[in-house]
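The values are calculated or read from the model by the stated rules, or taken from the named source; none is laboratory data. Since we're looking at a predicted model, the values are computed, not measured. Methodologically, a virtual Cβ is constructed for each residue, glycine included, from the backbone with ideal geometry; neighbour enumeration extends over all protein chains shown. SASA here: full protein model, heavy atoms, side chains in, ligands and nucleic acids out. Shrake-Rupley method; radii C 1.70, N 1.55, O 1.52, S 1.80 Å.
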Amino acid sequence: MDFDMRINLSALALLLLAACMASCSKPAEEKKKPNIIFIFSDDHAYQAIGAYGNTLAKTPNIDRIAQEGALLKNNLVTNSICGPSRATLLTGKYSHKNGYKRNDRTLFDVSQFLFPRALQESGYQTAYVGKLHLNSLPEGFDYWNILPGQGHYYNPDFIGQTKDTVRHEGYVTDLITRFSLDWLNQRDPSRPFFMVIGHKATHREWQPSVEDIGAYDDVEFPIPSTFYDNYEGRLAAKEQDMSIEKTMRMLEDLKVDLDIDNAFGFRRLGPEQRAKLKEYYAGVSRDFHSRKLSGRALTEWKFQRYMKDYLSTANALDRNIGKVLEYLKENGLEENTVVIYASDQGFYLGEHGWFDKRFIYEESLKTPFVIRYPGVIKPGTIIDDLIANIDWAPTVLDLAGLSAPAEVQGKSFLPLLTGEKKSSEWRDAVYYHYYEFPQPHHVYPHFGLRTERYKLVRFYGGIDTWELYDLQNDPQEMTNIYGDGSGGVIASLKSRLKELIEEYDDADARALMQ
């Protein structure tokens, strides 16, 4: 072979190599984009999870995500109620900006910026399965199959993309997972995916699967230290209607003397389900009547019964999260898939004598959030910084290599998860605004802020009161110190509150601060 031919062949080889690198570069880059699964439950309290310190709850799979990734200790919601929290998840905006302030008949505006649509437009396959609860059908998703409204626990209906409502036999948590995994099996494996798995559990009336009935019957739950709170100095807390003592219903919530054949939610049961649940709750009723309880003994029995059904309902939630984790492992997706678990808000498990949520107080303000991303988030990471649910959308976009538009009010905390940003570079306060009043639980509208140490709250809409808590010295928020020699602290916090109201452009709060 002569010299000129060798030169030409070498040049040809270089050209072929360059062409191959050019043609292969785009798929290689796309392959590096992580898949993202956001598992989103309803009313699942952080204090009901092992990773957050509960030694009685059976949550090994949620705990596993935390151990293999990061746990947020101060993940706060901006309006502690179901529909508005989902609107904030999808938009990264406060309720007054995304238009969804209350659980009412408002149609969620799907024409506004939705981060799943941005993922979709960037090449992600997107899906939403389960509870949406926004009075609008999903937008920005290639596939969806959702519960109508709150949905049912047993043999629930789902609305699919044909917009037909179809009843499916089974337990809602199992079905949501099954539909999610079915979609993953049918996706295009050459493209990254984003999926929301939206669970109904652990929403009231806490109806466990047949498999989990009685799972905690041998457990005596400790009475919270604030269970017999007298609400001194806290008018809004005193006038609420969400107490275990007075509000919790013997029939619907605690299933005493439950007529399963005719009761709402139970009429859907199949014969085998019906027989097992009927036998179990008949036993609960016999036990209750034999005790002849009254006063505090009755209230504490209600608490124990509530906790048993609540945590039994959560068992299926955790078990199905385990199914998703195992699916990823078995299908070679574990290393390049971000898994997030969070709840739409916190919940009271007897603290202050309550169930439900709504208040800016810690148990309803804070929600669980754990995230796993192998190779990016160091296992066992703990984040103490103040994260808000307006930050979830920009963080997911950041994980996908996308930037949030200016209208998104949150900011990505991915740099905190990876250690690229220090706490000193993060926010010093989270702003909160709750609206729904007077029904169903007579919690007065209020807004306020939470800093690392303090919480300042303004209640309005029937009362006009301020509350201030020093969380360092009073973590359970039993003593309102507003006006109690705290003038300097109050002035500083009110100034910061006004700044946040302006930053987030909350006209209603601005008018009340005049």
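Some points to look at:
- The set of residues in segment 246-278 being closer than 14 Å to residue 209 by Cα and either in contact with a helix residue (DSSP H, G or I) (Cβ under 6 Å, 6 or more places away or on another chain) or among the hydroxyl-bearing types (Ser, Thr, Tyr) (or both) consists of 273, 276.
- Any hit, segment 105-123, residues being of a type outside the set (Val, Ile, Thr), under 27 Å from residue 208 (Cβ atoms) and surrounded by 17 or more Cβ atoms within 10 Å (Cβ to Cβ): no
- In segment 504-514, residue surrounded by the fewest Cβ atoms within 10 Å (Cβ to Cβ) [restricted to those that are in contact (Cβ under 8 Å) with a residue 40 or more places away in the chain and in a helix (DSSP H, G or I)]: 507
- Hey, residue 52 crowded, with 22+ Cβ neighbours inside 10 Å and under 18 Å from the mean Cα position of the chain (by Cα) or not: no
- Output for segment 258-283, where each listed residue is closer than 25 Å to residue 223 by Cβ and more than 31 Å from the chain's Cα centre (by Cα): 283
- Being among the charged types (D, E, K, R) and under 30 Å from residue 260 (Cβ atoms) holds for only one residue in 174, 182, 142, and it is 174.
- Restricting 136, 80 to residues that are surrounded by fewer than 23 Cβ atoms within 10 Å (Cβ to Cβ) and either free of Cβ contacts under 8 Å to residues at least 12 places away in the same chain or closer than 28 Å to residue 171 by Cα (or both) narrows the list to 136.
- Some residue of segment 193-205 being crowded, with 20+ Cβ neighbours inside 10 Å, touching a helix residue (DSSP H, G or I) at 6+ places or on another chain (Cβ under 8 Å), farther than 24 Å from residue 316 by Cα and not polar (S, T, N, Q): yes
- Across segment 151-190, the number of residues qualifying as open to solvent by 40 Å² or more (accessible area, probe 1.4 Å), within 20 Å of residue 134 (Cα to Cα) and in a helix (DSSP H, G or I) comes to 0.
- Any hit, segment 232-241, residues being within 24 Å of residue 55 (Cα to Cα), open to solvent by less than 20 Å² (accessible area, probe 1.4 Å) and either assigned to a loop (DSSP other than H, G, I, E, B) or aliphatic (A, V, I, L, M) (or both): no
- Residue match in segment 412-423 (condition: of a type in the set (Lys, Arg) and closer than 25 Å to residue 505 by Cα): no
- All positions within segment 323-345 that are open to solvent by less than 10 Å² (accessible area, probe 1.4 Å) and either in contact with a helix residue (DSSP H, G or I) (Cβ under 7 Å, 6 or more places away or on another chain) or small (Gly, Ala, Ser) (or both): 324, 325, 337, 338, 339, 341, 342, 343, 344, 345
- Tally, over segment 267-301, of residues that are open to solvent by 20 Å² or more (accessible area, probe 1.4 Å), under 27 Å from residue 50 (Cβ atoms) and free of Cβ contacts under 8 Å to residues at least 60 places away in the same chain: 1
- Per the listing 448, 485, the residue uniquely small (Gly, Ala, Ser), open to solvent by 40 Å² or more (accessible area, probe 1.4 Å) and under 24 Å from residue 231 (Cβ atoms) is 485.
- Any hit, segment 95-108, residues being of a type outside the set (Phe, Trp, Tyr) and under 28 Å from residue 182 (Cβ atoms): no
- Of all the criteria given as (1) touching a Lys or Arg at 6+ places or on another chain (Cβ under 6 Å); (2) of a type outside the set (Asp, Glu); (3) at pLDDT 95 or above, the one not satisfied by residue 260 is (3).
- Pairing residues of segment 364-393 that are surrounded by fewer than 22 Cβ atoms within 10 Å (Cβ to Cβ) with residues that are assigned to a strand (DSSP E or B) and not polar (S, T, N, Q), at Cβ distances under 6 Å and at least 6 apart in sequence or on separate chains, gives 377/70; 381/70; 382/71; 383/70; 383/72.
- Here residue 86 meets each of (1) among the basic types (Lys, Arg); (2) open to solvent by less than 30 Å² (accessible area, probe 1.4 Å); (3) farther than 18 Å from residue 391 by Cβ with one exception, condition (3).
- Filter result (touching a residue at least 24 places away in the same chain (Cβ under 8 Å) and under 27 Å from the mean Cα position of the chain (by Cα)) within segment 462-495: 467, 468, 471, 475, 476, 477, 478
- Of residues in segment 408-421 being touching a residue at least 12 places away in the same chain (Cβ under 8 Å) and over 27 Å from residue 191 (Cβ atoms), the one surrounded by the fewest Cβ atoms within 10 Å (Cβ to Cβ): 419
- Of all the numbered requirements in (1) in a helix (DSSP H, G or I); (2) open to solvent by 70 Å² or more (accessible area, probe 1.4 Å); (3) aromatic (Phe, Trp, Tyr), residue 310 misses one, and that requirement is (2).
- Selection status of residue 357, open to solvent by 10 Å² or more (accessible area, probe 1.4 Å) and basic (Lys, Arg): no
- If you go through segment 407-458 and keep only what is touching a Pro at 6+ places or on another chain (Cβ under 7 Å) and either of a type outside the set (Lys, Arg) or assigned to a strand (DSSP E or B) (or both), you end up with 408, 410, 412, 434, 435, 437.
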